[in-house]
Amino acid sequence: MTTTHRRVLGAGMAATAIAALVAGTPAQGNPNLTTVQLLSINDYHGNLEALQSLRLPADVDPARTFAGGSENLATKLTELRTAAGDANSLTVAAGDLIGGSTFISGMFHDEPSVESLNAMGLDVSSVGNHEFDEGTTELLRMQEGGCHPVDGCYFPDEPYAGADFPWLAANVVKRDGGGTLLPGTWVKEIAGTKVGFIGMTLEATPTIVNPAGVATVDFKDEVETANAQAAVLKKQGVKAIVVLMHEGGLNSGTYNQCVGISEPLATMAATMSPDIDQIITGHTHDSYICSFPDPAGNPRLVTSAASYGQIVTESSLVINTRSGEVDRGRTTATNHIVPQSLPDDAAQTAIIAKWNTLAGPLKGQVVGTHTEDILGNALNTSRAVETPMADLVADSFVWAGQAEGAQIGLVNVGGVRSDLPMLPPRYGEQAGQVTFAEAFDILPFGNVNVVLDLTGAQLKQVLEEQYQPVAARGTRPMLALGVSDGFTYVWDATQPQGSRVVPGSMMLNGSPILDGSTYRVATLNFLADGGDLFTTFTQATNRVGSDGDLESFVAFLEANQALTAPEDRVSGL
């Protein structure tokens, strides 16, 4: 993540974060104080396997450590619990444990992800936006268990049993008046005192998942929800309160710093009730240890642990056992990298082997070739720029939509989840080979290709919707689109919202795009339904569905060997 896309709030953040780490005084020796260890993760996304692509970016970790994978994450959790005495330890998460997952989990509707987290001893998690990728009904199945309604039981003698931990959804309310979709809070008595957790996803979730899957629920404001739930917990006698929130900020410093933290996190942290003692966040895939003053002026820790199990946050929540209150002056937090050099956890190794056996030869099946790196996700965690990988996927949309007259392909960069590097191999392939599992990792969401009509004026408006500095976009006001070969335009980021596509610059195969002419555009049903706030797509006509995005992409790879990285097609993006 480059600092270019980060809105800086203040130069004092780094010093504040350091103070949060060193100012704490141990609870040892004081019989009225006890320390509860909180180990937190976020944005796991079913990353069971310790792939060599899981390398921390240089701005987060200058050493660029190979980190993550469930075998190493489980080992690190055990190591930290043992060092703290284990009995007073809780493991918590801030959402996106499932969805957008790598092949080994996503191929099986993320049952492997939940199984791995159960084995790690996860105690509680908030929901995130990706928990809703397959809709509310599927999320309830993931919580409660049962076989998939279409694919059935992967192991008939051992049906999916559900999550051992509760997902919390305090701000996800049923439209029929039936309350929250899942419990909003969870209370654990530990070391003679109660610790309460409030879990929720970002309010903007319906704008970044398929709207049809969340049509029966509403997503409420995060701060208002947290404050209301904190008041309820306090009335119940719970005075140590932690928020697990799938929303966050962007940090310009390294993994244990808090430099120039971006909105909306700073405002949320400043306005959440003083009754809340710590805020554990996610969503941005960034890492930080921050201390923000609460509305009463008292310091409060706000943390995040990157993604994919690459980092674990260890918080030492010091609680006065007489009053039940958290002593924030003694409470500390630090982020620990989870290196792949750790010994493998045996239980996780067995889980990975179990699902790899089921995947069989499909996982390593070679479906295409390329002659150079084709990168996207590795270049663009901000999702704010055009990438070669997204452009290649857009090319595949046009190729797959030829029979429907497709002329232009568009794909949201955030929906393209992986890359095609020459090295290192991910799934045993030779340099330049593309396996089915790699293709799945690039497009794991199970969307459907569609071809539809847009006028030139509507097409321009779709492109303008890439930049929307509105609350629903949160930390990502800029969400770029990958474009297909032959379609070009010029983007001017110095211009105001709605005027960033340079007039007259939109071209198709060298000919100007005309406002009144109609063009056949190939995209995903997610975007066509208005996902990511690309609402102009919903004005399209003559929409025709096609194959699934993965099936189409695999067919494209098989038919177009020796692929190279697309050159930039958008000037200024």
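Under a cut-off of 16 Å between alpha-carbon atoms, report the lysines in cross-link reach of Lys354, not counting same-chain residues fewer than 8 places apart.
Lys363
List the equivalent ellipsoid semi-axes of the stretch 382-425 in whole Å, largest first, each obtained as the square root of 5λ for an eigenvalue λ of the Cα gyration tensor. If you can, show how the numbers build up before the last one.
Working: eigenvalues 101, 38, 10 Å².
Values for the stretch 382-425, descending: 22, 14, 7 Å.
Would you pull out the residues with amide H under 5 Å of His246's amide H, same chain only if 5 or more places away, H placed 1.01 Å from N?
Those qualifying (amide H under 5 Å, at least 5 residues apart or on another chain) are Met200, Thr201, Leu202.
When the C-alpha atoms of the chain are aligned to their principal axes, what extent does each axis show, in angstrom, from largest down?
On the principal axes, the chain reaches 77, 53, 50 Å in Cα extent.
Just to be sure I understand the model, the point goes 7 Å from the Cα along the line to the Cβ. What's the resulting Asp157 to Thr349 distance in nm?
2.3 nm
So if each residue of separation counts as 0.36 nm, and I subtract the Cα-Cα distance between Thr494 and Glu372, what length gain in nm does that give? All intermediate terms of the calculation are to be shown ahead of the outcome.
Working: separation 122, 0.36 × 122 = 43.92 nm, distance 3.33 nm.
The span from Thr494 to Glu372 would gain 40.6 nm if fully extended.
In degrees from 0 to 90, rounded to the nearest 10, what is the angle of the helix 346-359 Cα long axis to the longest principal axis of the chain?
That helix lies at roughly 20 degrees to the long axis.
Pull up all non-local amide H partners of Val259: gap of 5 or more, or a different chain, and H-to-H distance under 5 Å with H placed in the peptide plane.
HN-HN under 5 Å from Val259: Ser252, Gly253.
Between Asn30 and Thr78, what length comes free when the chain is fully extended (0.36 nm per residue of separation minus the Cα-Cα distance, one decimal in nm)? Before the final figure, lay out the partial values.
Details: separation 48, 0.36 × 48 = 17.28 nm, distance 2.66 nm.
That pair, Asn30 and Thr78, stretches by 14.6 nm at full extension.
Tell me, what is the per residue accessible area of the stretch 147-287 in Å², probe radius 1.4 Å? Intermediate values should be presented prior to the final figure.
Working: 5110 Å² over 141 residues.
Computed with neighbouring chains in place, this is 36 Å² per residue.
Taking each pair of different alpha-carbon atoms in the stretch 266-312 once, compute 1/r for the pair, average those values, and report the inverse of that mean as the Kirkwood hydrodynamic radius in Å to one decimal. All intermediate terms of the calculation are to be shown ahead of the outcome.
On the way: mean 1/r = 0.0900 Å⁻¹.
The Cα-based Kirkwood calculation yields 11.1 Å.
When the accessible area of the chain is split by element with a 1.4 Å probe, what percent falls to carbon and sulfur?
Values: 10670 of 20530 Å².
Answer for the chain: carbon and sulfur cover 52 percent of the accessible area.
I need two numbers for the stretch 271-394: Rg to one decimal and Dmax as a whole number, Cα atoms only, in Å.
Calculated on Cα positions, Rg and Dmax stand at 21.5, 66 Å.
Simple spin-label model, 7 Å along Cα-to-Cβ: Asn560 to Thr541 in nm?
Each label point is offset 7 Å from its Cα along the Cβ direction, giving 3.0 nm.
Can you work out the accessible area per residue across the stretch 527-573, with the rest of the protein chains kept in place, probe 1.4 Å, in square angstrom?
Working: 2150 Å² over 47 residues.
Value for the stretch 527-573: 46 Å² per residue.
Taking the Cα atoms of the stretch 375-478, what is the range of coordinates along each of the three principal axes, in descending order and whole Å?
Here the Cα extents, ordered largest to smallest, are 46, 39, 21 Å.
For the pair Ser323/Arg64, report the inter-label distance in nm, with labels modelled 7 Å from Cα in the Cβ direction.
So the two model labels end up 4.9 nm from each other.
Measure nothing fancy, just the Cα-based angle from helix 13-22's long axis to the longest principal axis of the chain, in degrees from 0 to 90, nearest 10.
Roughly 40 degrees, rounded to the nearest 10.
Once Rh is set to the Kirkwood radius over Cα pairs, what Stokes-Einstein translational diffusion coefficient, in µm²/s, holds for the stretch 34-186 at a temperature of 10 °C and a viscosity of 1.306 mPa s? Present the calculation step by step, with values, prior to reporting the outcome.
On the way: Rh = 16.6 Å.
Calculated translational D: 96 µm²/s.
At a Cα cut-off below 19 Å, give the lysines reachable from Lys174, other chains included and same-chain residues fewer than 8 away excluded.
Partners within reach: Lys220.
Taking every DSSP beta bridge with both residues inside the stretch 453-573, roughly what % is antiparallel (nearest 5)?
Working: 10 of 12 bridges.
About 85 percent, rounded to the nearest 5.
Using the Karplus curve 6.51 cos²θ - 1.76 cosθ + 1.60 with θ = phi - 60°, what ³J(HN,Hα) values do you get for each residue of the stretch 230-237, in whole Hz, with x for Gly and Pro?
Computed from phi, the couplings for the stretch 230-237 are 5, 5, 5, 4, 5, 5, 7, x Hz.
Considering only Cα-Cα distances, which of the following residue pairs are longer than 18 Å: Lys194/Lys235; Lys188/Lys239; Lys194/Lys239; Lys76/Lys188; Lys188/Lys235? Could the numbers behind the result be given before it?
Details: Lys194/Lys235 13 Å; Lys188/Lys239 12 Å; Lys194/Lys239 7 Å; Lys76/Lys188 23 Å; Lys188/Lys235 16 Å.
Violating the 18 Å limit, Cα to Cα: Lys76/Lys188.
Tilt of helix 70-84 relative to the longest C-alpha principal axis of the chain, in degrees (0 to 90, nearest 10)?
On a 0 to 90 degree scale, this one is about 20.
Apply the Debye scattering formula to the stretch 197-274, with a single equal point scatterer on each alpha-carbon and no solvent, then give log10 I(q)/I(0) at q = 0.22, 0.24, 0.27 Å⁻¹.
Rounded to two decimals, the profile gives -1.05, -1.12, -1.22.
If I model the stretch 484-573 as equal point scatterers sitting on the Cα atoms and use the Debye formula, what is log10 I(q)/I(0) at q = 0.17, 0.24 Å⁻¹?
Values returned for q = 0.17, 0.24 Å⁻¹ are -1.05, -1.37.
Please list, ordered by chain and number, the residues whose modelled amide H lies under 5 Å from the amide H of Gly368; skip anything fewer than 5 residues away on the same chain.
When sequence neighbours closer than 5 places are left aside, the close amide H contacts are Val434.
Suppose we keep just the DSSP beta bridges with both residues in the chain; what percent of those would be antiparallel, to 5? The partial results should precede the final answer.
Numbers: 59 of 87 bridges.
Approximately 70 percent, going by the DSSP bridge assignments.
Among Ala471, Ala384, Gly545, whose Cα lies farthest out toward the positive end of the dipole of the chain, if unit charges sit on the beta carbon of Lys, Arg (+1) and Asp, Glu (-1)?
Comparing the listed Cα positions along the dipole, Ala471 ranks first.
Work out how much length Gln365 to Thr137 would gain on full extension: take 0.36 nm times their residue separation and subtract the Cα-Cα distance, in nm to one decimal.
Details: separation 228, 0.36 × 228 = 82.08 nm, distance 3.22 nm.
Contour length minus Cα-Cα distance gives 78.9 nm.
The values are calculated or read from the model by the stated rules, or taken from the named source; none is laboratory data. From a predicted model like this one, the values you see are computed outputs, not experimental measurements. No Cβ is skipped: glycine too gets one built from the backbone with ideal geometry, and neighbour counts run over all protein chains shown. For accessibility, only protein heavy atoms count, side chains too; no ligands or nucleic acids. Shrake-Rupley method; radii C 1.70, N 1.55, O 1.52, S 1.80 Å.
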